[in-house]
Amino acid sequence: MTDTNAPSETCACCGALSRMFDRRRFLYAAGAASFLIAGPSMAQAAPKSKYQAMVLSCIDPRFQRPVFRAMTDRGLKSQYSKFTVAGASIGVVAPAFKKWHKTFWDNLGASVELHSITQVIAINHRDCGAAKIAYGKEKLTTPADETEIHRAAMAEFRRQMSEKQPKLAVETYLMSLDGKMETLA
């Protein structure tokens, strides 16, 4: 049974009107009109998000879950932005990765501006391929050597942070393969 009150798609006047005023086109037009009325400054007026930190960690797939778990255990779940680069702080300071440095600092600046972060948490890890590329695998033969390479990279990272983002607190850690973290100051 057909509804005799429904506009016919074959009717020249009603068919054209129903296509012209369908819900999808109406919503699209309403959105465009509100943008024109509010202007491009509408996007700038959006409130900033407030997050506690930016977490800097390595791209190594073995450490994605342990880093997430560590931040969740600290009560930071959904309270941090994340920057992931090979070597974590090594990728930010080692001369071998010089082309990446600006990208990190630009992203950190954006996180400060957009997310109002107050600290950076850098998490390097043991058995890091980027450390071997940057400093030579012959310098990473013992756990003590490895710790010292990471300690030196993190000291340089903290120095650059104090120069480029002096208002941000900085925490630096070295994560073992089992997910345990030791502070490297």
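Derivation of every value follows stated rules applied to the coordinates shown; laboratory data play no part. This structure is a prediction, so every number in the text was calculated from the model and none was measured. Note: ideal-geometry Cβ built from the backbone for every residue, glycine included; neighbour counts use all protein chains shown.
Taking amide H positions as modeled 1.01 Å from N, with prolines and chain starts lacking one, the residues under 5 Å from S81 and 5 or more places away or on another chain are A53, M54, V55. Computed extension length for T183-L76: 36.8 nm, one decimal, from 0.36 nm per residue of separation with the Cα-Cα distance subtracted.
FRET efficiency for the I133 to R62 pair, using the beta carbon distance and R₀ = 25 Å, is estimated at 0.90. The order of the peptides 68-75, 91-98 by mean Cβ neighbours within 10 Å, most packed first, is 91-98, 68-75. Length gained on full extension, R151 to K98, computed as 0.36 nm times the residue gap minus the Cα-Cα distance: 17.2 nm. Computed about the Cα centre, the dipole magnitude for region 53-183 is approximately 220 debye when only Lys and Arg (+1) and Asp and Glu (-1) carry charge, each at its Cβ. You can think of it this way: the chain between T142 and K167 has 5.4 nm of extra reach, that is 0.36 nm per residue less the Cα-Cα gap.
Computed from the C-beta positions of E113 and S176 and an R0 of 25 Å, the FRET efficiency is 0.15 to the nearest 0.05. Take the alpha-carbon centre of region 57-76, take the same for region 149-178, and report the distance between them in whole Å. Answer, in whole Å: 17. By the beta-carbon count within 10 Å of each Cβ, the least crowded to most crowded order of T141, T84, fewest first, is T141, T84. Compute the Cα gyration tensor for region 53-183, then decide on rounded, prolate or oblate, letting a ≥ b ≥ c be the square roots of its eigenvalues: rounded whenever a/c is under 1.5, prolate when a/b is larger than b/c in the other cases, and oblate in all that remain. Taking the square roots of the gyration eigenvalues as a ≥ b ≥ c, region 53-183 is oblate. Legend: residue pairs K137/K164; K50/K139; K132/K164; K139/K180; K139/K167, Cα-Cα distance threshold 32 Å; pairs beyond threshold, K50/K139; K139/K167. When E146, E171, E182 are sorted by how many other C-beta atoms sit within 10 angstrom of their C-beta, beginning with the fewest, the order is E182, E171, E146.
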